[in-house]
1. Going by the structure shown, is residue 122 in contact with a helix residue (DSSP H, G or I) (Cβ under 8 Å, 6 or more places away or on another chain), of a type outside the set (S, T, N, Q), open to solvent by less than 40 Å² (accessible area, probe 1.4 Å) and not in a loop (DSSP other than H, G, I, E, B)?
2. With the range 143-200 as the region, which strands (runs of 3 or more DSSP E) entirely inside it contain at least 2 residues that are under 15 Å from the mean Cα position of the chain (by Cα) and at pLDDT 95 or above?
3. Please indicate, with yes or no, whether at least one residue in the range 167-174 is out of contact with any strand residue (DSSP E or B) (no Cβ under 9 Å at 6 or more places or on another chain) and without any contact (Cβ under 8 Å) to a residue 40 or more places away in the chain.
4. Report, by residue number, each residue of the range 41-55 that is within 21 Å of residue 79 (Cβ to Cβ) and open to solvent by 40 Å² or more (accessible area, probe 1.4 Å).
5. Looking only at the range 73-96, how many residues end up being touching an Asp or Glu at 6+ places or on another chain (Cβ under 8 Å) and surrounded by fewer than 18 Cβ atoms within 10 Å (Cβ to Cβ)?
6. If I filter the range 125-135 down to residues being open to solvent by 20 Å² or more (accessible area, probe 1.4 Å) and in contact (Cβ under 8 Å) with a residue 24 or more places away in the chain, which single residue comes out as nearest to residue 179 (Cα to Cα)?
7. Out of the range 14-40, which residues are surrounded by 12 or more Cβ atoms within 10 Å (Cβ to Cβ) and either in contact (Cβ under 8 Å) with a residue 60 or more places away in the chain or hydrophobic (A, V, I, L, M, F, W, C) (or both)?
8. Which condition does residue 11 not pass, out of (1) touching a residue at least 40 places away in the same chain (Cβ under 8 Å); (2) under 20 Å from residue 80 (Cβ atoms); (3) polar (S, T, N, Q); (4) open to solvent by 50 Å² or more (accessible area, probe 1.4 Å), if it passes all the others?
Amino acid sequence: VYNTPGNHDYSGTADNATLYRRLGMPDAYYTFTQKGWKFIVLNTNEVASYANPDVTLQKELAQMQERIRTEGRSNGAEWNGGISRKQMEWLRNELAKAQRKDERVIVLAHHPVYPTNGLTALNDTEIVELLGRFPAVKAFINGHHHPGAFGRTGHIPFVTTEGMIETESENAYGVVEVFDDRIVIQGRGRTRSYTLPFEN
């Protein structure tokens, strides 16, 4: 089991490291590999008002919020978060390593980054721009937006899985299968199914 936290997980938590230990996470964000696939697990709650940010991250949060206001965007809500400059650089390095090793990459996160809506990560456009530079990235899968969503920009499909919270008697999850030319998500319960062919 590999976990990444969502915004609700920080409620009542005074120390982020304690939360990550409870979730069995090796770090706030991390990777793992299986048979030529690299899975990059981002923490899009790192820069957020609810996630106990330190002084440096508080400054980054203020800068992100100011940029959102200046651009007239709608994703500055208190339940959204973003990734720090440090995490962005780590992501860039992990993608470059995967590219050199000819690994295929699936990126996982809590907040969506595309299609843009009021629930995307605070620095969604920067994340999408970085991912788009690397052909190794084959999909981005996330939660947070309970109705679910789908979009493709460039060569990358972005899948927001449906939440289970509104369905008292129905589950919501998916089984992901990877092939040489596509990714297939078999939805269960209220989760939609997708076939995602690779684009060159």
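The values are calculated or read from the model by the stated rules, or taken from the named source; none is laboratory data. Computed from a predicted model, the values in this text were never measured in an experiment. As a convention, Cβ positions derive from the backbone with ideal geometry for all residues, glycine included, and neighbour counts pool all protein chains shown. Just so you know, the surface numbers come from the protein's heavy atoms only, side chains and all, with ligands and any DNA or RNA stripped out. Shrake-Rupley method; radii C 1.70, N 1.55, O 1.52, S 1.80 Å.
1. Judged against the criteria, residue 122 is not a match.
2. Here the list reads 149-153, 156-160.
3. Checked the range 167-174: at least one residue is out of contact with any strand residue (DSSP E or B) (no Cβ under 9 Å at 6 or more places or on another chain) and without any contact (Cβ under 8 Å) to a residue 40 or more places away in the chain.
4. Those that are within 21 Å of residue 79 (Cβ to Cβ) and open to solvent by 40 Å² or more (accessible area, probe 1.4 Å): 49, 50, 52, 54.
5. Number of matching residues: 2.
6. Result: 135.
7. Selection gives 17, 19, 23, 25, 28, 29, 31, 33, 37, 38, 39, 40.
8. (1)
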